[in-house]
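Data block below; observations after.
Please treat every number below as a calculation from the coordinates, not as lab data. As the structure is a prediction and not an experimental result, all values here were calculated from the model. A quick note on method: Cβ atoms are made from the backbone with ideal geometry, for glycine too, and the neighbour counts reach across all protein chains shown.
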Amino acid sequence: MTGVVLRAGAATDVGRLRTINQDRFVLLPDRDLFIVADGMGGHQGGEVASRLAVETLQVAYQDATADALTEAITAANDRIRNEGDADPDLRGMGTTVVALALMPEEPDPDEPFDDDAEPPQHLLIANVGDSRGYLFRDGSLTQLTEDHSVVADLVREGSISPEEAEVHPQRNIVTRVLGVYETVEVDLWPVDPIENDRYLLCSDGLFNEVGADQIGSVLRRLDDPNEAASELVRLANEGGGRDNITVVIVDVADDGGVAEAASAALAGERYGSTSGPPPAASDADGDLAGFTTALPTVDPGDGLSQDDLDSVRTGRPPRRQRRAEKRARRSQRTRFTWRALLFSVLVLAVIGGAVATIQWYGTSTYFVGFEGDEVVIFQGRPGGLLWIDPEVKDPTGIDRADVPALALPRIEAGVEQSSLAKAKHFVANLEDQIDDDGGTDSTPSSTLSTTTTTAGTTTTQAN
Ligand code: MN
């Protein structure tokens, strides 16, 4: 097996609103190392931070190992912090970093490994902050990194949707950054390089302006990595150019036989199964099968599920990182519990408020109606409201037979009054009318007279 060959191109631009480009990138094809950093901080801070990150990382990264990459990023963190502390103008400066490096895959201590064989190479993407690493394979774009940002945390917790995140006012706030804290946690994403894979490293100035489907179509259309990178920068400017834009594209020009070995391994497996889809290659299958798991693809523009991402990330990170990830997950769970609790309390408060309002609305009124054949004053709404049935408040002792004919239909439907006193007044008028004999004549001053007149008109028209 010969080596993997990478071919890279890049473009960067200040964008249409900023005056300084605080993004920084470097392509080191001889060392199979590619870096993007997006600096932040007032004055010259952001520019300095991203420059220091790129410089320190490439100097400190000497062995092609995962640990060396993490340590180089840690060295960059220390360097930026120190420079920031020394210069008041630079205090608080920080930067994201996303780096792609090709290195020999580390043997799994749990699996027997042939010492004489050359270890297969894999790519490692290291990430801190909200710059991103994507994989474009078989026509589909997949985000490999997780953003360390407030909105990404909210999406992971399910508090907001990916669509809401795109327009969230806090989408620029990062939760991890180089140069600000004493320690830095680095995410490492291992990927097996397959011929024709395209890796995209970029600052948020790209994906905040250009949709995943558009990015995918550029990567499909333009083979030259420099041309594709320039086109993506152009589209980001066209989309608004509200931030600095940096795009690095790394193509796998030759995978050194990985894809071939992969299909051979898969074919071998397929040979054994007479029907149905080929069984998924698993780590337990050892050597090449484990290292060439077929990737599920995700159409550009679709939301990426965690499952998609997890299955794309092949290979096993070093044990130290697995422990760190476990720790991170634990603390994330704790945060989640607190937020979930707060959220539940708020939801209950809102529901409680709604219930109280409906209760108030449902019982704040009175009406005069029939209960059986007796005229009574009800508390509530005629016919009830949701779970609130009208309640008999005051029986009047007036029998249906005594109610003047013209008042009957309205009382049948329920005559609403805003208070118990007004309802009682209505009943008193009704009694007066009954006493006046029959109540077919109007008694101008009473509330009821108005209603009987109306009812009378209706009756007359109907006749
Ligand atoms: Mn940015």
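Things to note:
- Inter-label distance, nm, simple model (7 Å from Cα along the C-beta direction), Gln359/Asn82: 6.5
- Karplus-based coupling profile of segment 182-197, in residue order and whole Hz: 5, 10, 9, 9, 9, 8, 10, 10, x, 9, 7, x, 10, 3, 6, 4, with θ = phi - 60° in 6.51 cos²θ - 1.76 cosθ + 1.60 and x standing for Gly or Pro.
- Burial ranking of peptide ranges 338-347, 382-391 (average Cβ count within 10 Å, highest at the top): 382-391, 338-347
- Two-site FRET efficiency, Ile351 against Leu17, from Cβ-Cβ distance with R₀ of 45 Å, rounded to 0.05: 0.55
- For the pair Gln44 and Asp373, label points projected 7 Å from Cα toward Cβ lie 10.1 nm apart.
- Placed amide H near Asp394: partners under 5 Å, 5+ positions off or other chain: Ile377
- The calculated FRET efficiency for the pair Ala264 and Arg221, based on their C-beta separation and a Förster distance of 45 Å, comes to about 0.90.
- Inter-part distance, segment 240-258 to segment 173-239, computed on C-alpha centroids, equals 6 Å.
- Segment Gln62-Glu157, extension gain: residue separation times 0.36 nm, minus the distance between their alpha carbons: 30.4 nm
- Ordered by the count of other Cβ atoms within 10 Å of each Cβ, fewest first, Leu28, Leu430 give Leu28, Leu430.
- Each of Met93, Met40 has some number of other Cβ atoms within 10 Å of its Cβ, and from fewest to most they run Met40, Met93.
- FRET efficiency for the Leu341 to Arg31 pair, using the beta carbon distance and R₀ = 56 Å, is estimated at 0.70.
- 3J(HN,Hα) couplings calculated from phi for segment 386-393 with the Karplus curve 6.51 cos²θ - 1.76 cosθ + 1.60 (θ = phi - 60°) are, in sequence order, 6, 8, 9, 7, x, 10, 5, 9 Hz; Gly and Pro show x.
- Residue-wise HN-Hα couplings along segment 367-380, as the Karplus relation 6.51 cos²θ - 1.76 cosθ + 1.60 with θ = phi - 60° gives them from phi, are 8, 9, x, 9, 10, x, 10, 9, 6, 9, 9, 9, 9, x Hz; Gly and Pro carry x.
- Among 174-182, 193-201, the order from most to least packed when residues are scored by Cβ within 10 Å on average: 193-201, 174-182
- Taking the fewest neighbouring Cβ atoms within 10 Å as the starting point, the ordered list for Thr357, Thr363 is Thr357, Thr363.
- Taking amide H as placed 1.01 Å from N in the peptide plane, the amide H of Leu144 sits under 5 Å from that of Gly133, Tyr134, Leu135, each at least 5 places away or on another chain.
- Positive-end residue of Leu141, Pro162, Pro104, charge dipole of segment 62-165 with Cβ unit charges: Pro162
- Against the empirical curve 2.2 N^0.38 Å, the C-alpha radius of gyration of segment 1-81 lands at a ratio of 1.23.
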